[in-house]
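We did not get these values from a lab; they are worked out from the coordinates using the rules stated. Quick caveat: nothing in here was measured; it's all calculated off a predicted structure. With ideal geometry, Cβ positions are generated from the backbone for all residues, glycine too; neighbour counts draw on all protein chains shown.
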Amino acid sequence: MFPVGTFLISVGAITVVSAVLALIMVIADATIGNYGQVKININNKKEYLVKGGKPLLGTLMEQGVFIPSACGGRGSCGLCKVKVLEGAGQYLPTELPWITEEERKENIRLSCQIKCKTDLSIQIPEELFNVKQYETRVAFLVDLTHDIKQVTLELLDPKEISFVAGQFIQFMVPPYELTDESVYRAYSVASVPSLKNRLELEIRLVPNGICTTYVHKYLKEGEKVTINGPYGEFYLRDSQRDIICIAGGSGMAPIKGILEDMAEKKINRKTRYFFGARSLRDLFLVDRMRELEEILPDFRFIPALSNSLPEDNWTGEKGFVTDILDRELKSGENVEAYLCGSPGMIDACVKVLTSKGVPEDLIFYDKFG
Amino acid sequence: MNSALYPVAVFFAAIFTNNILLTNYLGMCSFLSVSKELKTSLGLGAAVTFVMAITTVLNWLVYYYLLLPLGLDYLRFIVFIIVIAAFVQVVEMIIERVSEQLYAALGIFLPLITVNCAILGASLFMVIRDYDLLASFAFGIGSGLGWFLAILAMAGIRQKMAKAKVPKGLEGAGITLIITGMMALAFMGFSGILNLS
């Protein structure tokens, strides 16, 4: 026969033990765990009144201030650094592996490890006020070349993003074959800011790249992707100078964003865009650039192939982008330049530009490895 | 054995001859992962000792005054785990509130300890070996100190080893396990002094 008595006693005993312990913990949480309201002061500009006792990272996120973090607060990525002016107490052993000597002197802390127990005063980059996390869906995946994919993300939550053309977002790669942990990789936005519900990225396959492999081999249309942003100081400065754009490979993305934005806003500055590729199969979006040449009154797109193949039948510019730039640019006096590409290409181009008299503080670039 | 001395014997046996880590291989996960530096292993070791000493006593009371009278001794696994988890949680909250120094040194290790099998192991051994309350307490502290000793020794060795050339396939956990084995062998040398099993 089923031992009803034993059954009831054992269930009862566990229930009583759990209930007593739960009660103790509830009381503890309401008394010793209760830190009341604390104030968080950011950059001496904004002040938030929050419930104390929780880690700073999550508390800020609840207030809509997003500090980039790849591990989600487990203390295993070391990205969520903020400068704490007061109120964080001493360094915890969980922070130390991520903090250098210099950062320690400046009181840089891991915001996921420190808890808001007293009033805090912190400093974060101004641009982070506008940074949010977005849930998105892959609307389209298009092969632009043999190794570059165009990824169009539709924003689900929040539904709209405001950014400046040329800025980048961070793309979260979930754990998969190449990574045990979520990681973030930065990609420039190639679409216009007026399109608030869509983001277009151009992602080139890097052999064994964690994110690029994920996008090229695993990502499918319709899948969810988490991103955060926008970030970056790479955007068109407001002036009347002539514009030189130089890009290679997927460096096309932010330049395209800037050009499309200019077309929309009817910015009629003289613009030359040098694009470097190896051969014809590495060229993409040429048709769109030709259309922009029609729309913008003084814009020329100048693609250059460094290793054009006989079967390409290439009649355009041949050679390295630096050589073409050297020939085309007569004087750098009235010029500002926007560069996006590999560090090698950028360094070479910066040399040419400065030799032509372009002031160094008017050369803006996004380097990627 | 003289009954007044029995807890003392249990205490020393738990440290040397019946070291919970080196003879029972319990609590290995945090032992392997936190033994890279002396400083952090000092914190973890102290936290384990403290929690083990108190939870064996708590679990002894729960076992002999609640579970055994009701004939529910087979529930000891689950009840012990709940008691340990709740205790650790409350202690963490208290430490965090009371002392920043103590929290930085000990507090952050406490969540790690909840799932440390050595802690549960100590409570279960105390039941299996029929210790009375005083002996259980001695056993809890002793086991904790034994674990402390083992992780300190390991951290010392690993700090020295940081510059050593370890064969590729043995880097990390591999070589640490081998060293643990050697340490266990060395501790077997104590086994003639006392034996408690």
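Taking each residue in B:83-92, count the Cβ atoms of any other chain within 10 Å of its Cβ, then average. What number comes out? Numbers along the way, then the final one.
Working: counts 4, 0, 2, 8, 2, 0, 6, 8, 1, 2.
For peptide B:83-92, the averaged partner shielding equals 3.
In chain A, which cysteines lack any other cysteine Cβ under 4.7 Å from their own?
For chain A, the answer is A:Cys80, A:Cys112, A:Cys116, A:Cys211, A:Cys245, A:Cys340, A:Cys349, because their Cβ atoms have no other cysteine Cβ under 4.7 Å.
Just going by the charge dipole of the protein assembly as shown, with Lys and Arg at +1 and Asp and Glu at -1 on Cβ, which of A:Thr226, A:Ile295, A:Pro310 is farthest out on the positive end?
A:Thr226
Considering the convex hull of the alpha carbon atoms of segment A:22-132, report its projected area averaged over all viewing directions, in nm², one decimal.
Details: hull surface 29.7 nm².
Average of the hull's projected areas for segment A:22-132 equals 7.4 nm².
If a helix is a whole DSSP H run, which ones in chain B reach 18 Å or further along their own axis (Cα) and hold a mean Kyte-Doolittle hydropathy of at least 1.6?
On the way: long enough: B:38-62 (35 Å, 1.51); B:76-98 (32 Å, 2.03); B:133-161 (41 Å, 1.29); B:173-188 (22 Å, 2.05).
What comes out of the filter, once short or polar helices are dropped, is B:76-98, B:173-188.
Suppose only helical runs count, i.e. DSSP H with n ≥ 4. What mean residue ellipticity at 222 nm does that imply for chain A under -39500 (n - 2.57) per run, divided by all residues and rounded to the nearest 500 deg cm²/dmol? Present the calculation step by step, with values, prior to reporting the outcome.
Numbers: 8 runs with 89 residues, N = 369.
-7500 deg cm²/dmol, from helical runs alone.
How shielded is A:112-121 by partner chains, expressed as the average number of their Cβ atoms within 10 Å of its Cβ atoms? Don't skip to the end; give the middle numbers.
Values: counts 0, 1, 0, 2, 0, 4, 0, 0, 0, 0.
Counting Cβ atoms of other protein chains within 10 Å of each residue's Cβ and averaging gives 1.
List the trypsin sites (Lys or Arg not before Pro) in segment A:210-303 that DSSP assigns to loop (not H, G, I, E or B) and whose Cβ has at most 13 other Cβ atoms within 10 Å. Which are they? Show your work: numbers first, answer last.
Details: sites: A:Lys217, A:Lys220, A:Lys224, A:Arg237, A:Arg241, A:Lys256, A:Lys265, A:Lys266, A:Arg269, A:Lys270, A:Arg272, A:Arg278, A:Arg281, A:Arg288, A:Arg290, A:Arg300; in loops: A:Lys220, A:Arg237, A:Arg241, A:Lys266, A:Arg269, A:Lys270, A:Arg278.
For trypsin sites (Lys or Arg not before Pro) across segment A:210-303 that sit outside H, G, I, E and B with at most 13 neighbouring Cβ atoms in 10 Å, the list reads A:Lys220, A:Arg237, A:Lys266.
If you take every residue apart from A:Gln123 with its C-beta less than 14 Å away from the C-beta of A:Gln123, what net charge results, scoring Lys and Arg +1 and Asp and Glu -1?
Numbers: positive: A:Lys45, A:Lys46, A:Lys81, A:Lys83, A:Arg109; negative: A:Glu47, A:Glu86, A:Glu103, A:Glu106, A:Glu126, A:Glu127.
Cβ neighbours under 14 Å give a net charge of -1.
Quick one: plug the Kirkwood hydrodynamic radius of segment B:6-192 (C-alpha pairs) into Stokes-Einstein at 25 °C, 0.890 mPa s, and report D in µm²/s.
144
Rounded to two decimals, what ratio of Rg to Rh does segment A:207-339 give with C-alpha atoms and a Kirkwood Rh? Display every interim value, and only then the final one.
Values: Rg = 16.8 Å, Rh = 16.7 Å.
Checking Rg against Rh, the ratio lands at 1.00.
Relative to the Cα centre, what is the charge dipole magnitude of segment B:41-155, using +1 at the beta carbon of each Lys and Arg, -1 at the beta carbon of each Asp and Glu, and rounding to the nearest 20 debye? Intermediate values should be presented prior to the final figure.
Details: 3 positive and 6 negative charges, 19 e Å.
Computed charge dipole of segment B:41-155: roughly 100 debye.
Principal axis extents for segment A:253-297, Cα atoms only, whole Å, descending order, please.
32, 18, 15
Can you tally the net charge around A:Leu285? Count Lys and Arg as +1, Asp and Glu as -1, for every other residue whose Cβ sits under 9 Å from the Cβ of A:Leu285. Each step should come with its number before you reach the end.
Working: positive: A:Lys256, A:Arg288; negative: A:Glu202, A:Asp287.
Neighbourhood net charge equals 0.
So, with +1 on the Cβ of K and R and -1 on the Cβ of D and E, and no other charges, what is the size of the charge dipole of segment A:116-211 about its Cα centre, to the nearest 20 debye? Mind showing how you got there, number by number?
Numbers: 9 positive and 14 negative charges, 38 e Å.
Charge dipole, segment A:116-211, about its Cα centre: 180 debye, nearest 20.
In vacuo Debye scattering of segment B:26-109, one point per C-alpha: log10 I(q)/I(0) at q = 0.16, 0.26 Å⁻¹?
-0.71, -1.22
Just tell me how shielded B:72-79 is by partners: mean number of partner chain Cβ atoms within 10 Å of each residue's Cβ, no decimals.
Numbers: counts 6, 0, 2, 6, 0, 0, 4, 5.
Rounded to a whole number, the mean comes out at 3.
Of the peptides A:171-177, A:348-354, how do they stack up when ordered by the mean number of other Cβ atoms within 10 Å, highest first? Each step should come with its number before you reach the end.
Details: A:171-177: 16.0, A:348-354: 18.9.
The peptides rank, most packed first, as A:348-354, A:171-177.
Give me the percent of Cα-Cα pairs in the protein assembly as shown that sit more than 37 Å apart, rounded to a whole number. Let's see the in-between values first.
Numbers: 83220 of 159895 pairs.
The answer is 52 percent, as a whole percent.
If you average 1/r over every pair of different alpha-carbon atoms in segment B:121-197 and take one over that average, what Kirkwood value in Å do you get? Kindly include the intermediate steps, with their values, before the conclusion.
Numbers: mean 1/r = 0.0681 Å⁻¹.
Taking the inverse mean of 1/r over all distinct Cα pairs, segment B:121-197 comes out at 14.7 Å.
Mind checking which helices in chain A clear 15 Å along their axis (Cα) and have mean Kyte-Doolittle hydropathy of 1.0 or more, DSSP H runs only?
Working: long enough: A:4-31 (40 Å, 2.15); A:252-265 (19 Å, -0.01); A:343-355 (18 Å, 0.92).
TM-like helix candidates: A:4-31.
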